Amino acid sequence: MRVLLTGAAGYAGRGIAAILSAAHHVRSLDIREAPMAAESVIGSIADLDVCRAALMEMDAAVLCHMAPNPTGYATPVQAIDVNVKGTANLYHCAVEQGLTRIVLISSTGVLPKAPGATAVPGDGPYNFHHSLYVLTKIMQEDIARFYHETHGVSTVILRPGWIVYDEDFTTKYGAKMERYDTGLIDPRDIGAAAAGALALPAPGLEAIDLGQDDSGFDVTTARERLGWAPRYRFTGLPRG
């Protein structure tokens with residue numbers, strides 16, 4: 001399958017690209033070249049024409065783009081331009097080109113604060129008390145629902161937690177994890193879930209929460225629908 005991966009040069013995208021590339025031809029769309037992808041389109045997803053070019057001759061898309069926010073977004077401008085406008089651009093171009101299969105990387109941050117709670121895409125209940133970042137993720141899920149209901153675009157929404165590589169335990173902003181947290185997930189486990197989502201027959205619109213066994217998130221759907229379980233368990237980090 002020919003798969004467009006947005007954000008493929010980023011912190012999470014590199015790990016996702018490494019997994020997807022084992023079975024698919026991966027084209028990157030990012031503001032810089034992605035070494036793990038077979039080919040790269042360099043540009044901004046806020047540009048509709050860039051999105052059109054990136055999606056040409058693709059069979060599916062995995063959307064993993066995110067505006068940088070090392071200390072939280074100071075204003076909504078970049079967050080909305082990249083996370084929301086960019087997502088809408090890609091769905092619009094997918095409809096133009098007849099592409100009907102998308103995997104959207106959202107976040108467990110959208111979920112209400114209750115053990116085992118989940119949310120229906122575009123309906124919720126959502127966590128509107130968290131951050132501007134989470135708000136943009138909620139808006140991405142709204143976009144996915146709109147294009148599913150109006151144009152039949154199938155989307156599997158994956159909701160991972162705190163994304164960190166298992167080897168060095170360093171976050172995308174350079175902070176070193178000192179102790180295990182139940183919300184941790186390795187980007188390569190997200191890549192494995194994305195590969196499983198791409199293989200689903202006619203998924204329609206569905207959301208799948210991803211996490212460790214002790215995370216408090218309901219990972220039953222991930223196991224049943226995707227045959228997924230986290231490979232990276234962060235055993236090198238102290239517990240307690």
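Read-outs throughout are calculated quantities, based only on the coordinates presented, and are distinct from any laboratory measurement. Small disclaimer: the values here were computed from a predicted structure and weren't measured. When we count neighbours, we look across all protein chains shown, and the Cβ atoms used for this are built from the backbone with ideal geometry, even at glycine.
Peptide packing: for 99-109, 70-80, 119-129, the average count of neighbouring Cβ atoms within 10 Å per residue gives the ranking 99-109, 119-129, 70-80, highest mean first.
Amide H to amide H, with H built 1.01 Å from N, residue 4 comes under 5 Å of 27, 59, 60, 61, 62, counting only residues 5 or more places away or on other chains. Cβ-Cβ distance of residue 75 and residue 229, R₀ of 41 Å, FRET efficiency by 1/(1 + (r/R0)^6): the value works out to about 0.55. When both region 104-133 and region 46-97 are represented by their alpha-carbon centers, they are found 20 Å apart.
Taking 18 Å as the straight-line reach from the Cα of residue 176, the aspartates and glutamates in range (excluding those fewer than 8 positions away in the same chain) are 166, 167, 168, 186. Could you name the lysines in cross-link range of residue 172, using Cα to Cα under 20 Å and dropping any fewer than eight places away on the same chain? Straight-line reach from residue 172, under 20 Å: 137.
DSSP bridge analysis restricted to the chain gives an antiparallel fraction near 5%, rounded to the nearest 5. Semi-axes of the equivalent ellipsoid for region 141-240, computed as √(5λ) from the eigenvalues of its C-alpha gyration tensor and ordered from largest down, come to 29, 14, 11 Å. Per-residue packing, averaged as other Cβ atoms within 10 Å, sorts the ranges 166-172, 14-20 into the order 14-20, 166-172, beginning with the highest. Could you work out the Kirkwood radius for region 1-127, taking every pair of different alpha carbons, averaging 1/r and inverting it, reported in Å? Computed over Cα pairs of region 1-127, the Kirkwood hydrodynamic radius comes out at 15.2 Å. If R0 equals 35 Å, the separation of the Cβ atoms of residue 173 and residue 117 corresponds to a calculated FRET efficiency of about 0.80.
Stretching the chain fully between residue 38 and residue 149 yields a gain of 36.7 nm (0.36 nm per residue, less the alpha carbon separation). With the charge dipole of the chain set up from +1 on Lys and Arg Cβ and -1 on Asp and Glu Cβ about the Cα centre, the Cα lying farthest toward the positive end among the listed residues 86, 228, 162 is that of 162.
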